[in-house]
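A.B. asks: The structure's right below; bear with me while I get my questions together.
Every number here is computed from the coordinates shown, using simple stated rules; none is lab data. Here the structure is a predicted model, which is why all the values come from computation and not from measurement. Cβ coordinates were reconstructed from backbone atoms using ideal geometry, including for glycine residues, and neighbour counts include every protein chain displayed.
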Amino acid sequence: MTARVLIAEDDRKQADLLRVYLEREGHSVLVVGDGRAALDRSRAYRPDLVILDVMMPLVDGLDVCRILRAESAVPILLLTARSTEDDLLLGLDIGADDYMTKPYSPRELTARVRALLRRSGRIPSGEADVLTVGDLTVDTGRFEVRVAGRAVTVTAKEFGILQTLAAEPGRAFTRAQIIDRAFGFDHHVEERTVDAHVMNLRRKIEDDPAEPRYVQTVYGRGYRMGEPS
């Protein structure tokens, strides 16, 4: 279901990147470049979710968050280059629902957005966010991976690879296709980096990484998600 998302980010390149990813999810996105515009447009636009950069001109993101939280229960996701525990706690204490530090994965951010929207009741929960192949479960809404019920900790890029492959089991993806789908606009990723992430994934999800059941090599092509019986 489409949601209205307001992005307040003074870095236009970052804002456009987020807009592209969220529009791919089907959301209607409005971008503003300062805190005062964020307040004005939030009141007029009535978004279902607000993404705030902390460091913005005119009114910073923390003050915008305080004001919006006093006025409504709209879900708020803060973005910041600060990564200390005190910064995190401050963001949550003033009413933010979630908090991500830069640099971040746009794919992880879209998963967080889905989870926030679902928890807030702005969009319904559903099984479409859960990909299941054999005993492997990839929950894109919760950003969780399980194997036979066991939770597996993966990185954002590892999650992106699993999500890409599990969405179309049996299909062979080239490394370039995996980079495009799993890493998005991160142009610094080299094809051999995919191999390194796959090796790490196999150690985490396969009973025998040397004989993988899930993330399988397709020689001369790339990788595919196996279809265990």
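A.B. asks: Net charge around G170, counting only other residues with Cβ within less than 9 Å of its Cβ (Lys, Arg = +1; Asp, Glu = -1)?
C.D. replies: Result for the neighbourhood of G170: 0.
A.B. asks: Cross-link partners among lysines for K102, C-alpha distance below 16 Å, same-chain residues fewer than 8 apart left out?
C.D. replies: By straight Cα distance, K102 reaches K13, K157.
A.B. asks: Tell me the relative contact order for the chain as a rounded percent, counting alpha carbon contacts under 8 Å between residues six or more apart.
C.D. replies: 13 percent
A.B. asks: Related question: Which of F143, F173, F159 moves the most in a Gaussian network model of the chain with Cα springs under 10 Å?
C.D. replies: Result for the chain, Cα springs under 10 Å: F173 fluctuates most.
A.B. asks: Please state the relative contact order of region 127-225 as a whole percent: Cα pairs under 8 Å, 6+ residues apart?
C.D. replies: So the answer I get is 24 percent.
A.B. asks: Here's another thing I want to ask about it. Add -39500 (n - 2.57) for each DSSP H run of 4 or more in the chain, then divide by its residues: what number comes out at 222 nm, to the nearest 500 deg cm²/dmol?
C.D. replies: So the helix-based figure for the chain works out to -12000 deg cm²/dmol.
A.B. asks: Using a Gaussian network model of the chain whose springs link C-alpha atoms within less than 10 Å, name the residue from L79, L136, L17 with the highest mean-square fluctuation.
C.D. replies: The residue that fluctuates most here is L17.
A.B. asks: Next up: Quick one: compute the contact order of region 1-43, relative version, from alpha carbon pairs under 8 angstrom and 6+ residues apart, as a percent.
C.D. replies: Relative contact order, region 1-43: 49 percent.
A.B. asks: Given the Cα atoms of the chain, and with Rh set as the inverse mean 1/r over their pairs in the Kirkwood sense, what is Rg to Rh to two decimals?
C.D. replies: Ratio of gyration radius to Kirkwood radius for the chain: 1.01.
A.B. asks: Less than 12 Å Cβ to Cβ from L58, Lys/Arg counted +1 and Asp/Glu -1: what total charge do the surrounding residues give?
C.D. replies: Working: positive: R36; negative: D10, D34, D40, D60, D63.
Counting the neighbours of L58, the net charge comes to -4.
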